[in-house]
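Scroll down for the structure; my scribbles are underneath it.
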Amino acid sequence: METINDSICIKSAETDEELCGRGYVHCTAWQEAYRGIVCDQYLDTMTVEATTARARKFPENTLVAKDKDKVVGFAVYSPSRDEDLADAGEVDAIYVLSEYYGRKIGYRLMNEAISRLGDVDTIFVWVLEKNERAISFYHKYGFEFDGAKKEWNLGTPVSIVRMVMKRK
């Protein structure tokens with residue numbers, strides 16, 4: 001568990017309440033961050049119930065950022081799911097509520113996720129190609145595009161691109 005001199009604590013998700021908080025942040029952060037990038041109809045049909053069910057179904061490797069008792073951000077990390085980067089680690093998701101932007105919570109979540117990925121040399125993220133805020137964050141952290149790209153259907157087709165960071 002990591003704390004800094006503000007009220008934010010970064011820790012593993014351990015309780016159902018924390019997984020419910022992850023579900024709330026997931027839904028809310030998508031609706032805040034992806035407006036204008038992802039189809040409005042898709043965002044408008046997202047529910048906290050659905051994202052909470054997902055958080056409960058996949059609770060492993062989940063970190064939460066808490067402001068006292070409130071979950072305000074989360075990250076999920078795992079061994080690579082990409083065949084061409086089999087020995088890498090992946091930060092599958094990292095989201096922070098917009099009212100907490102600028103407090104280095106994403107940076108602290110990323111630090112902890114990367115720490116928990118152990119000794120892997122390569123870490124990667126997938127990011128919406130038009131999500132300039134996230135791309136800027138990943139660039140500042142040391143991630144670079146590697147040319148990999150996929151299409152997702154989120155109401156309409158959107159492109160996601162892979163960014164990679166080498167630790168050694």
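Where a number appears in this text, it was derived from the coordinates with a stated rule and is not lab data. No experiment lies behind these values; they were computed from the predicted model shown. Cβ: placed from backbone, ideal geometry, glycine included. Neighbour counts: every protein chain shown.
With Cα atoms defining each centre, the stretch 30-77 and the stretch 89-120 are spaced 14 Å apart in the structure.
By the count of other C-beta atoms within 10 Å, a proxy for reagent exposure, Cys20, Cys9 are ordered fewest to most as Cys9, Cys20.
Under a Gaussian network description of the chain, with springs only between Cα atoms under 10 Å, the residue in Gly23, Gly89, Gly147 that fluctuates furthest is Gly147.
Sequence-distant contacts, meaning Cα pairs under 8 Å at least 6 residues apart, place the relative contact order of the stretch 1-153 at 21 percent.
Over the Cα atoms of the stretch 56-145, each weighted equally, I'd like the Debye log10 I(q)/I(0) at q = 0.17 Å⁻¹, rounded to two decimals. Each listed q corresponds, in turn, to -0.74.
Of all the options Ala75, Ala33, Ala86, the one that moves most in a Gaussian network model of the chain with Cα springs shorter than 10 angstrom is Ala86. For the chain, the longest piece that avoids every one of the GluC sites (Glu not before Pro) found in DSSP loops with at most 16 other C-beta atoms within 10 Å covers 61-128.
When the alpha carbon coordinates of the stretch 1-128 are projected onto the principal axes, the ranges are 38, 37, 28 Å, largest first. Within the listed set Trp152, Trp126, Trp30, the Gaussian network model of the chain (springs between alpha-carbon atoms below 10 Å) gives the highest mean-square fluctuation for Trp152. Using R0 = 25 Å, the C-beta based FRET efficiency linking Thr15 and Arg116 works out to 0.85.
Distance between the 7 Å Cα→Cβ label points at Asp6 and Ala53: 3.4 nm.
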